[in-house]
Each structure stands twice: as structure tokens, then as C-alpha cells.
Amino acid sequence: MRKLTYEIVYEKIKQRIKEGLWKPGDQIPTVQQLAEELGVGISSVREAIRILGNQNILKVEQGRGTFIMNVPEEDSLSSFGFLEDATMIQLTEARQVIEPELAALSAEHATKEEVKAILQAAKGMNRKAKLNEDFLKEDMLFHYLIAKASKNEIIFQMFNMISDLIVASRRRTLKMKGMTEKATHYHILIAEAIAQRNPTQARNLMKAHIDDVIYELTKDIN
């Protein structure tokens, strides 16, 4: 399974420190510079720096920059799972704020073609899930199509900024017992609410869907 962008950035920064290219006390390039150098999005760089900061490898000083604190140990990834747990919950809370409104707006503004595509993505995910096939592509497409159909460019770009991290979230949550069945069921209901031009129902169903994810994530790490 391919690594996510922020995981690649995390490894690259860590490797440079371990090789001595960056030493404790050194200031690393800015988020923008690293994003351009590595050819990735700013959000991926920020997430990698956040995790490295939680591991006391980097220190972000507001107004000054980001500095090397310690050389990572070989087992520094042992705490990565816990840090990912925190990230997943915070990310899903962000989704809880954004996605119910995207669903409601989509119910109001989606074209007939967009409604058809959203329904197809939901049904495609359901079909693959029943065959025990990988349906991550259809899952992500479903949420992307809803965001696009909202016709709100600002919220759509907010969704796009965290899309890389959402992939990680979906990988994690869909491994939890019973989550596949719940997710596919919710997706069908949300798609039908959008098709019926019912923004209140679409909003409530999307919120219930993400509330359920947060509940499972919290239960999983406690």
C-alpha cells in the first residue's frame, strides 16, 4: 500500500536529520520552500512537521521558524501510531464541520449529471464492498463529488486541502469491525437525499455518518 504524501515528507525530513544534513539547532526551510522542493502540498508538509514536533524532533517557534531539536532514534516511529490516532480524530472533527454542509449544498446545487455520478460512486462502493474488493477509490470519489457539486469554491478548496489526510483516515476507519457496512449504508442514504433535493436530510445523514466515525475512532484508542 502506497505511502501518503505527508508520510513521505515525514520520512524525507527525518532522513536528512539522521544523515547530518540538518543538525540540532539548525533552522529548516520554510513550509512553502519544502513544499516547492519536494513537489507536494503545503498541508502535507505541515502535517509532517506537526508529527515531528510531537516527537520532539522539530520545534516550531512562531515568528522565527522551525528548528531541529533532536536526532531521531531508530525506534522513533514507535510513537507514530499514537500520533496518527490524534490526527485521525482531529481530522474527522474537521470533516464533521465541513462535510455535512457540503452535502446540504450539494442537494441544493448539484446538476442531474452530478447527482447521477454521486449515486454511481455510492453504488460502486457498495458493490465492491459486497465482493470484498478494495473500494477506497469509490469512497474518496463519493466525498469529492459531493464537495464539487456544492458549488462553493471556498469550502471545496478547504476539503481539497485535507484530502491527502482523509485517505489515511478512511484506510484506518474502514478496517474497524462493522465500519464497511455502516459506511456503505450511509453513502447510499446520503446519495438518495441529494437526489431527492433534501438538504436537511443530506446534512443530517452526513453528520451522523461522521459522528459514527468519531465514536469508533475514540473507542479504538481508549
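Data for the structure
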item	result
Heavy atoms of residue 111: accessible area, 1.4 Å probe, square angstrom to 10	50
Percent carbon-and-sulfur accessible area, the range 143-218, ignoring ligands, DNA and RNA, probe 1.4 Å	58
Probe 1.4 Å - accessible area at residue 16, Å² to nearest ten	50
For residue 219, solvent-accessible area (1.4 Å; no DNA, RNA or ligand), Å²	110
Estimated 222 nm signal from helices in the chain, with DSSP H stretches of n ≥ 4 weighted -39500 (n - 2.57), rounded to 500	-23500 deg cm²/dmol
Gain upon complete extension [residue 70, residue 42; 0.36 nm per residue less C-alpha separation]	7.7 nm
Dipole in debye (nearest 20) - the range 115-222, about Cα centre, beta carbon charges: Lys, Arg +1; Asp, Glu -1	200
Accessible area per residue in Å² at 1.4 Å probe, computed on the chain	52
FRET efficiency for residue 211 and residue 59, using Cβ-Cβ distance with R0 set to 35 Å, rounded to 0.05	0.50
Pairwise Cα inverse-distance average, inverted: Kirkwood Rh of the range 1-57 (Å)	11.5
Among the listed pairs 12/59; 151/177; 116/182; 12/207; 59/219, those beyond 28 Å (Cα-Cα)	151/177; 12/207; 59/219
Which of 179, 62, 198, positive extreme of dipole for the chain (C-beta unit charges)	198
215, 144, 6, ranked by accessible area, largest first (probe 1.4 Å)	215, 144, 6
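The values are calculated or read from the model by the stated rules, or taken from the named source; none is laboratory data. Source: prediction; values computed, not measured. Positions of Cβ are generated from backbone atoms using ideal geometry, with glycine treated the same way; all protein chains shown enter the neighbour counts. Heads up: the accessible areas ignore ligands, DNA and RNA and are worked out on the full protein's heavy atoms, side chains in. Shrake-Rupley method; radii C 1.70, N 1.55, O 1.52, S 1.80 Å.
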